[in-house]
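**Student:** Structure in structure tokens, see below.
The values are calculated or read from the model by the stated rules, or taken from the named source; none is laboratory data. Note that the coordinates shown come from a computational prediction; the quantities given were computed from them, not determined experimentally. Note that each Cβ is placed from the backbone with ideal geometry, even for glycine, and that neighbours are counted across all protein chains shown. SASA here: full protein model, heavy atoms, side chains in, ligands and nucleic acids out. Shrake-Rupley method; radii C 1.70, N 1.55, O 1.52, S 1.80 Å.
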Amino acid sequence: MVPLNINYFKNISFRRKNLGNLILQFFMMVFVGTLIGWFTNYLAIKLLFRPYKEMNFLFFKIQGLIPKRRAEISLNIANVVEKELISVDDIADKIEEMELSDEIIDKLLDKVIGEKLQKNILDKNPLLKMFINDSVIEKIKSYFKKSILENKEEIIGEIIKIGKEKINFREIILEKMENFSLQEIEEIILRISKNELKHIEIIGGVLGGIIAVFQFLLMVALKAI
């Protein structure tokens, strides 16, 4: 009969316990690493917008990146839109390509002459209705229509000239950006980039978990030395 070796069973029990501790330590490290990676990216995204106003913390100040650089960001957006996306020259080119058809002119004259003449002049001066009837109005519209068709190139040229002198896309965009509150800007950006920002948070968690795995393997290797 072979005598039982108590130390042998103790070694087996110790190894199992040690293995269990290593597995538990592995999962704990991966969980904590994933949590830290996710929270770090989540916090970084929040710090793009918050806090809206500059806050003092003892020896340093903190403010959201977008609120802090709002004026610079607005100017850059205005410059990009004006230079790369759309400009007054682009609109001018489209206007030059536009054809003033009879249908368009008729609608314009109905709006300007028909409605305005009726509301602003005839309704306020009933006596004029004796002299300005539907036939007279049609003759007035016909006269203007003929004049527009004969001089449409000059009319379009003047519209373009005035537009280039008076319209400034940069000022319009800057004014619009200034009218938005910081909360509205945040909501717009989050609405547009919701999925992408969520992916950044998830990637942060995944990278944190992967780093934790390498840390665990390095720790085990160092213990084995």
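**Student:** Largest first, what is the accessible-area ranking of Thr34, Thr40 with a 1.4 Å probe? Kindly include the intermediate steps, with their values, before the conclusion.
**Tutor:** Working: Thr34 50, Thr40 75 Å².
Of Thr34, Thr40, the descending order of accessible area is Thr40, Thr34.
**Student:** Moving on. Show me 75-82, 217-224 ranked by packing, highest mean number of other Cβ atoms within 10 Å first.
**Tutor:** Packing proxy ranking, top to bottom: 75-82, 217-224.
**Student:** Could you give the accessible area per residue of the range 133-181, probe 1.4 Å, as a whole number in Å²? It would help to have the intermediate numbers written out before the result.
**Tutor:** Values: 3890 Å² over 49 residues.
Value for the range 133-181: 79 Å² per residue.
**Student:** Among the listed pairs Lys83/Lys146; Lys164/Lys194; Lys141/Lys161; Lys94/Lys145; Lys46/Lys223; Lys146/Lys176, which have their C-alpha atoms separated by more than 29 angstrom in this model?
**Tutor:** Values: Lys83/Lys146 38 Å; Lys164/Lys194 38 Å; Lys141/Lys161 26 Å; Lys94/Lys145 22 Å; Lys46/Lys223 40 Å; Lys146/Lys176 40 Å.
In this structure, Lys83/Lys146; Lys164/Lys194; Lys46/Lys223; Lys146/Lys176 lie more than 29 Å apart at Cα.
**Student:** Just the accessible area for Ile23, please: 1.4 Å probe, Å², rounded to the nearest 10?
**Tutor:** Answer for Ile23: close to 80 Å² accessible.
**Student:** Kindly report, to the nearest 10 Å², the accessible surface of Phe214 as traced by a 1.4 Å probe over protein heavy atoms only.
**Tutor:** 140
**Student:** To continue, here is another question. Along the range 64-69, what does the Karplus equation 6.51 cos²θ - 1.76 cosθ + 1.60 (θ = phi - 60°) give for ³J(HN,Hα), rounded to whole Hz, x for Gly and Pro?
**Tutor:** After applying 6.51 cos²θ - 1.76 cosθ + 1.60, I find x, 4, 5, x, 5, 10 Hz.
**Student:** Now for a separate question. Of all accessible surface on the range 135-225 at a 1.4 Å probe, what whole percent is carbon and sulfur?
**Tutor:** Working: 4340 of 6930 Å².
Exposed carbon and sulfur together represent 63 percent of the surface.
**Student:** Under 13 Å from the Cβ of Ala78, count the other residues' Cβ atoms, weight Lys and Arg +1, Asp and Glu -1, and hand me the total. Present the calculation step by step, with values, prior to reporting the outcome.
**Tutor:** On the way: positive: Arg70, Lys83, Arg170, Lys176; negative: Glu72, Glu82, Glu84, Glu171, Glu175, Glu178.
Taking every other residue near Ala78 into account, the sum is -2.
**Student:** Using a basic spin-label model with each label point 7 Å from the Cα along Cα→Cβ, how many nm lie between Ile189 and Val88?
**Tutor:** Those two pseudo-labels are separated by 3.1 nm.
**Student:** Could you check the simple spin-label distance between Ile23 and Ile140, using points 7 Å along Cα→Cβ, in nm with one decimal?
**Tutor:** 9.3
**Student:** With all protein chains present, calculate the accessible area of Val136 using a 1.4 Å probe and round the result to the nearest 10 Å².
**Tutor:** Solvent-accessible area, nearest 10 Å²: 50 Å².
**Student:** How large is ³J(HN,Hα) for each residue in the range 147-157, as worked out from phi by the Karplus curve 6.51 cos²θ - 1.76 cosθ + 1.60 (θ = phi - 60°), to whole Hz, x for Gly and Pro?
**Tutor:** With the stated coefficients, the range 147-157 comes to 5, 5, 5, 6, 10, 5, 5, 5, 5, 5, x Hz.
**Student:** Under a 5 Å amide H to amide H cut-off, with H placed in plane at 1.01 Å, what residues pair with Leu48 once short-range neighbours are removed?
**Tutor:** Sorted by chain and number, the residues that satisfy this are Leu65.
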